[in-house]
C-alpha cells in the first residue's frame, strides 16, 4: 500500500496542500488537494532529495481519524452507489477544494470491535491508497455491520466498493419483501485477493460461530480464482459464485444488479477440492521416476521410508520423558541446516525462548540448556543468525486450542514456513472428557492432513501414548504400538507415517544403556515399510547418533 511521506508547497500557491506518496517500489508521486492536480514527480529534478517519513503520535492519528469522520457521505454516481449504502458502511468523502462537491478521496473505515482504528484512503486521481491508523489492527471492512445484521450467510468480496455494491443490490432486491427488515452481511478483504487467506484465518472462530454459510464473491479474474482456492484450504465449507461481470461494482455499473443478486442468492456452488481426470493427461507425470524425499537426520530411516515428502503428516509417539522434544529439536535443526527451510515449532509445554535455545544447540552441536555445562557464547552467537532466519516459534504456554493453532499454522505457512512441528498434540485435549477428546482428535487428524497436502508442507506431530494394558511400561523398555497413540484410529486413517520412540530409563542400567533409543516405523502409507533404527543420545552434544545394533 502507498505511504504518505510529507506535505509540500505547490505551484498553485498552496503552502502545504501537495501530498507526496511513496509506492511499494519506492517511487514518489503527489496530489495537490488545493487545485485537484495529480503530480507525477513531486520532487522534480532534485537529485538526492531525502524525504523523511515522520512517525505520527497516537494523539495525531486519533485527531486525524476524528477529522475524517466529520467528512460527509455523498453518492458516487459514476459507481452507481447511493448515499444510503455508503452511509451504512460509514464511508466518508474528501471533496474538492475547487467546487466543494466533487469527491476526490474515499475514506473506508476499519473497526476493531466498536472502536474505529483506521481509515483506508483512496485517491481517485492516480488510484493511490494509504492508511490513517493501522489497518492491520482492524477487522474486515464491514465486519461490525455484518455482526449487527444477524444474517446467517456472510458474503465476502475483495474490495470496499464491491462490498457497498453487493449490499446495495441485495438490500434493494429485499425491499417490499418479507426480508426487507434484514440487512445482508457483506464484508471486504483488507488488501484484495492477495490477503484473502491471511485476513480470513484471523477470524475463523468468529466466522464459524456467527454465520452458517460463507459465500466467496471474488473477482472473476485469475487472482480472484486463485484466492478462492487459498480460502477453501481454511474454510472448506465455503461456497462460490460466478458473476455476470468482473466484480460486484462492475455488475452495478453495467446494469447487472438483478443478475448479481440471483448469482449470490440462488446460484452459489461449493467447489470441489478434486476433479475427475482420465488417465491420458496423467501419463507423462506417471512415466517419471519417483524421486527420494528429503533425508532424515539418520540414513537408516531414510532408506526405510524413502525420505520425507512435502504434503504429508508424520506422527511420532513416545512414553513420558523419553526424548520426544529432543527429536523435535533435532528435526528442526536438520531441516534448517541441510535444506535451509523455514520451521514453525508449536511446543506449548516449554517457553519459546527455550525452544530457540534447544534448536540452536542442535545446530551448534552444543548443550546450551544445562546449567552444569558451561554456556558456549561463541558457538551460540555463531549459529544465532541461522536460527533467527529460519525458526518461528509459537509464543504460548500450556493452553493450546485447535481453532487458534489452525490459524497460527496458516499464518506461519503464509510467512514461508514449510516444516511444522507440534509437540505434543495431546495438549489440544487438556480439560475435556475422553469422548470429546477423541472426537476432537479425529477432526484434527483429518484437517491437518488436508492442510499439509493443500499447503504442500510437512507436518510432524508428537504424541503422548496410552499406557500399555500389560507388560512393561514405555519408560522401562515397553514396545510402542499404533493403537497406543491418543486418537489412534483417526491418526492411522489420516496420517502418512507413524513412528514410535522406544527405550529404557531404568536407573539401575548404566548410562550408555539408558541413552539408547529405538525408532520404529509403525505405519507407512506410501511403501508399507516396517523396521527400526537404533539411536544413541550423546549427552555431550545433545544429538541422536545412528549406530549399528549390538
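The values are calculated or read from the model by the stated rules, or taken from the named source; none is laboratory data. Since we're looking at a predicted model, the values are computed, not measured. Backbone-built Cβ (ideal geometry, glycine too); neighbour counts: all protein chains shown.
Worth a mention:
- Of all the listed residues (467, 437, 445), the sole one being closer than 17 Å to residue 404 by Cα and either more than 34 Å from the chain's Cα centre (by Cα) or surrounded by fewer than 22 Cβ atoms within 10 Å (Cβ to Cβ) (or both) is 437.
Each row is one residue, and each column tells you yes or no for (1) over 21 Å from residue 517 (Cβ atoms); (2) surrounded by fewer than 22 Cβ atoms within 10 Å (Cβ to Cβ); (3) in the same structural domain as residue 401 (by TED's automatic domain parsing).
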| position | (1), (2), (3) |
| --- | --- |
| 294 | yes, yes, no |
| 311 | yes, yes, yes |
| 328 | no, no, yes |
| 331 | no, no, yes |
| 374 | yes, yes, yes |
| 378 | yes, yes, yes |
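- Scanning region 505-531 for residues that are over 25 Å from residue 307 (Cα atoms) and buried (at least 20 other Cβ atoms within 10 Å of the Cβ) returns no hits.
- Residue in region 40-47 that is touching a strand residue (DSSP E or B) at 6+ places or on another chain (Cβ under 6 Å) and either at pLDDT 90 or above or assigned by TED's automatic domain parsing to the domain that holds residue 184 (or both) present: no
- Out of 522, 509, sole residue that is assigned by TED's automatic domain parsing to the domain that holds residue 324 and in a strand (DSSP E or B): 522
- Of the residues making up region 417-440, those that are more than 19 Å from residue 324 (Cα to Cα) and not in a loop (DSSP other than H, G, I, E, B) are 434, 435, 436, 437, 438, 439, 440.
- Flag if residue 258 is free of Cβ contacts under 8 Å to residues at least 40 places away in the same chain and part of a helix (DSSP H, G or I): no
- Looking only at region 130-148, residues that are surrounded by fewer than 18 Cβ atoms within 10 Å (Cβ to Cβ) and closer than 27 Å to residue 244 by Cβ come to 0 in all.
- Helices (runs of 4 or more DSSP H) enclosed by region 323-399 - at least 1 residues per element that are closer than 22 Å to residue 540 by Cβ and touching a strand residue (DSSP E or B) at 6+ places or on another chain (Cβ under 6 Å): 324-339, 352-364
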